[in-house]
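Novice: Pasting a structure here, questions to come.
The values are calculated or read from the model by the stated rules, or taken from the named source; none is laboratory data. What you are looking at is a predicted structure, and each value in this text was computed from that prediction instead of being measured. Please note: Cβ atoms are built from the backbone with ideal geometry, for glycine as well, and neighbour counts cover all protein chains shown.
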Amino acid sequence: MIDTEALVEQFGLTACIQCGKCTGGCPVSPKSALNPRALVYQMLRGEGFELVSREELWDCTTCSTCGLRCPKGVKAVDLIIGLRGQWIESGKIPTTLRAPLTATLNQGNPLVLPREDRSLWADGLNVKNVAEGADVAMFVCCENAYDPRVQPMPRALVNLLRAAQVDFGTLGLEEQCCGSEIRRLGESGLYEYLRDDNLDKFRQAGIQKMVTTSPHCMNVFKNEYAGAGFTVEHYTQMLARLIAEGKIKFSKRMETVVTYQDPCFLGKQNGIYDEPRAVLKSIPGVKFVDMDRSRERSVCCEGGGGRMWLEGTNNKVRLANDRVAQALETGAKVLATACPFCFLTLSDAVIATGHENDLRVMDILQIANEAL
Ligand code: SF4
Ligand code: SF4
């Protein structure tokens, strides 16, 4: 039984007026017992809370819609992360999380792959190490570094940065997990270790400016690494600027209709809506159409908050499948995104719904690289 009084205090829950806007906006709530309003209510009632019977806490994607919708500034997502933390502290870790958490500690990545394989994505590219001196550090992300389905994304960014004559390097084998999803799974001790170790490495390498391929890495460095001492942007911000400055020019046309999935950690959590669209619209031949639910009203793909490694209590109804249907309604042939998690969940959804021949999921990096 957990101490609800302490959580009420820690997360400022007394401000809650039980309006239900959090649950109304929660993408997971309709298909799970997860109900942020009811969760806050139970804490306020102070009747104690049995964690082990509440498996739906692991369904949360940490999209943050609940906090953004709340008129009183209550962040139910932080309460959920806090409750997950108590669960993990008590040693009752969901089975599928054990291997990713152990591998992140021992190998620096949750994909359970060797640390020494981290740079295989860059084979043959001759990317220099940022410690040799470079204007910009490129942070690759565990998913993009190891998963062959998304390894083309950092390779495309290398091409694009070279085309724009940006002086950049990577941390090579010194790069490790940013800790974003580890923190959201409630493993705060491991997150703090990764943050401190990464900050040491960034300082030793003299990093002043960073560009990330994942919105999750960008978000944690920008908003959660206190006193990081360097500026960080997502690649869509850098590309939009390089295109506007005339440093990236596209020579090929892409005659197709493209729509765009706003990654929650880029859009909702950081307000970056215009730059990805600016990059797409600058590509010759692209006809850009937004889905009805876009920008602030966009729908989560269900890949965040550690959900890449968790089954969830109801995976029969997948949000990414709905997103594919909504993309098809626009008449788009390409569903673009700017996040490895979105790319993977949406790619799986296209196959699961039998639309491989109707809709191609592409990262903006692939689209821009193909148009160079
Ligand atoms: S939106 Fe905010 S005030 Fe309304 S029920 Fe949810 S937490 Fe409470
Ligand atoms: S973060 Fe997203 S999935 Fe989690 S409770 Fe809030 S709205 Fe629901």
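Novice: Please determine, by comparing only the residues of region 1-36 that are part of a helix (DSSP H, G or I) and closer than 11 Å to LEU79 by Cβ, which one is nearest to ligand 2 (Cβ to nearest atom). If you could, list the steps in order and put the result at the bottom.
Specialist: Step one: list which residues in region 1-36 are part of a helix (DSSP H, G or I), which gives 4-10, 13-15, 21-25, 29-31, 36.
So of that shortlist, the ones also closer than 11 Å to LEU79 by Cβ come out as 4, 7-8, 10, 13, 22, 36.
Values: THR4: 18, LEU7: 15, VAL8: 17, GLN10: 17, LEU13: 14, CYS22: 6, PRO36: 4 Å.
Selected residue: PRO36.
Novice: So which of GLU50, GLU56 ends up being of a type in the set (Asp, Glu), assigned to a loop (DSSP other than H, G, I, E, B) and either more than 10 Å from ligand 1 (Cβ to nearest atom) or more than 29 Å from THR95 (Cα to Cα) (or both)?
Specialist: GLU50
Novice: Name the one entry in GLY73, GLY82 that is outside the structural domain of ASP262 (by TED's automatic domain parsing), assigned to a loop (DSSP other than H, G, I, E, B) and within 16 Å of ligand 1 (Cβ to nearest atom).
Specialist: Values: GLY82 fails: assigned to a loop (DSSP other than H, G, I, E, B).
Residue meeting the stated conditions: GLY73.
Novice: What about ASP358, is it free of Cβ contacts under 8 Å to residues at least 40 places away in the same chain and farther than 24 Å from THR212 by Cα?
Specialist: Numbers: free of Cβ contacts under 8 Å to residues at least 40 places away in the same chain: yes; farther than 24 Å from THR212 by Cα: yes.
Yes.
Novice: Within region 85-120, restricting attention to residues that are of a type in the set (Ser, Thr, Tyr) and either assigned to a helix (DSSP H, G or I) or in contact with a strand residue (DSSP E or B) (Cβ under 6 Å, 6 or more places away or on another chain) (or both), which residue is farthest from ligand 1 (Cβ to nearest atom)?
Specialist: Per the criteria, the residue is THR102.
Novice: Also: Of everything in region 37-62, what is more than 10 Å from ligand 2 (Cβ to nearest atom), among the hydroxyl-bearing types (Ser, Thr, Tyr) and in contact (Cβ under 8 Å) with a residue 24 or more places away in the chain? Give them in sequence order.
Specialist: Taking region 37-62 and keeping what is more than 10 Å from ligand 2 (Cβ to nearest atom), we get 38, 40-55, 58.
Subset that is among the hydroxyl-bearing types (Ser, Thr, Tyr): 41, 53.
Scanning region 37-62 gives a single hit, TYR41.
Novice: Filter region 80-102 for residues that are of a type in the set (D, E, K, R) and under 20 Å from ALA6 (Cα atoms) and give the result. Show your work before the answer.
Specialist: To start, the set of residues in region 80-102 that are of a type in the set (D, E, K, R) comprises 84, 89, 92, 98.
Selection gives ARG84, GLU89.
Novice: Take the conditions part of a helix (DSSP H, G or I), within 21 Å of the chain's Cα centre (by Cα) and at pLDDT below 95 and apply them to ALA327. Does it pass? Quick ask: steps written out before the conclusion?
Specialist: Values: part of a helix (DSSP H, G or I): yes; within 21 Å of the chain's Cα centre (by Cα): yes; at pLDDT below 95: no.
It is false that ALA327 is part of a helix (DSSP H, G or I), within 21 Å of the chain's Cα centre (by Cα) and at pLDDT below 95.
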